[in-house]
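Since every read-out is calculated from the coordinates, none of them should be taken as a lab result. None of the values given here were measured: they were computed from a predicted structure. Using ideal geometry, Cβ is built from the backbone for each residue, glycine included, and neighbour counts are taken over all protein chains shown.
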Ligand code: DOR
Ligand code: ZN
């Protein structure tokens, strides 16, 4: 049993408190801790980040990323829990594929981690939830909703409807034509389509516009936006490095998201970390879609907080609390009974985001024009794993088994 002392974010405000931790779990939050061993923490202390949407490429495409580099990148950006997507080279849509992925990644992770299954006729009881692809994206998966078996867990929907993508197909050579090939209408159609199936716990991933957020919320879904759709648009001069599905939209649509970050229409901000090699991103036509972002998600949003675009309450809710609730994991809050995952940040110390300071194997970022507030210290279940912006331990992340007992 030990106590951590500092300015913790608790129930909507920073409070100077003693947080009592035993065996990695918060046992109490107190105004005093007489007689206890106390560690004093500097700065503002937030719950560790929860990124419920990453693609770490392991196994199968470890030349782009592996669970070690992806999770190292996460913790250095203040994210202590990640949920990894199933569009691996061998799709993770059966218990066998899931076990084989789990054994490949099990001992490599610096962050606690959960894994999704691709929705299919097979149920993977250990998966954190199901991923539904209503349109083909990187990996080419398309879900046959008629054949799927469902669990009572989050269902993350890639909302671009294939029929609509087929109607709009064109070879794209720019961010604007990529947007025309996969227009906002396909996102709207997909959100309406999935409603017809009357499924529980539908979570619409990477929503690109206020209009689609309104629709998704009106249908009772939870929603997610990404830093790239909030901060970048189809006029930024980054060519193939901005190619992503769903696409970056026009500036006015992007700015509408940026200016409504405090809205109740948004539940979660996820990175959709989707690394591809720099070499693959040379020609627009050939480039695979996807943008890396697991290391910059928390830092960018905290920087947006200092600039007045988002309140601290909403930032913590979208980066930590809501993803943990939606995935039903014991994370995201500094409160009794939750895992002792904390990050300490200096809100007065933004730094310019530079690709050579990031840790994804892909080696590039589209956010080089922005600043971020990176954590100085990171604790995972009470253990210090990042100090002065450096990882100081070997991989100690645990698999979050969602098996319903
Ligand atoms: O742009 C994307 N990249 N969208 C997806 O849906 C998948 C992702 C990837 O895995 O690269
Ligand atoms: Zn994704």
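Summary table
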quantity	calculated
Degrees between helix 297-306 axis and first principal axis of the chain (Cα, 0 to 90, nearest 10)	70
Antiparallel content of DSSP bridges confined to the chain, in %, to 5	50
Percent breakdown of C-alpha pair distances by 10 Å bin, ordered from the shortest bin, for region 39-164	13, 41, 31, 11, 3, 0
Degrees between helix 184-195 axis and first principal axis of the chain (Cα, 0 to 90, nearest 10)	70
Contour excess over end-to-end distance, with Cα ends at residue 103 and residue 123 and 0.36 nm allotted per residue	5.4 nm
Rg(Cα) / (2.2 N^0.38 Å) computed for region 1-111, rounded to two decimals	1.39
Rg over Rh [alpha-carbon atoms, Kirkwood Rh] for region 15-62	1.21
Global size of region 49-120 as Cα Rg and Dmax, reported in angstrom	11.2, 34
Calculated log₁₀ intensity ratio I(q)/I(0) where the Debye formula runs over C-alpha points of region 314-358, q = 0.18, 0.32 Å⁻¹	-0.70, -1.13
Residue order, fewest to most beta carbons within 10 Å, for 197, 116, 44	197, 44, 116
Angle in degrees between helix 95-105 and the longest Cα principal axis of the chain, rounded to the nearest 10	50
Cα pair distances exceeding 19 angstrom across region 225-316, given as percent	42
Residue 23-residue 351 FRET efficiency (beta carbon distance; Förster radius 35 Å; 0.05 resolution)	0.50
Hull volume in cubic angstrom per residue (convex hull over the Cα atoms of the chain)	123
Rounded Å value of the spacing that divides the Cα centres of region 349-405 and region 259-338	13
Potential extension, residue 387-residue 90 segment - 0.36 nm per residue separation minus Cα distance	103.3 nm
Hypothetical label at residue 195: residues of region 256-286 whose amide nitrogen lies under 17 Å (7 Å Cα-Cβ projection)	265-266
Mean separation of Cα contacts under 8 Å, 6 or more apart, over the residue count of region 358-405: relative contact order %	19
Sorted by Cβ density within 10 Å, fewest first, the residues 98, 338, 133, 169	169, 338, 98, 133
Calculated P(r) of region 164-253 - Cα pairs past 21 Å, %	32
From the C-alpha gyration tensor of region 158-310, square roots of 5λ in Å	23, 21, 13
Theoretical FRET efficiency, 1/(1+(r/R0)^6), r = Cβ-Cβ of residue 258 and residue 36, R0 45 Å, to 0.05	0.55
Label point distance in nm, residue 211-residue 185, each placed 7 Å from Cα along Cα→Cβ	1.0
Structure-based [θ]222 nm, the chain - -39500 (n - 2.57) summed over DSSP H runs of at least 4, per residue, nearest 500	-6000 deg cm²/dmol
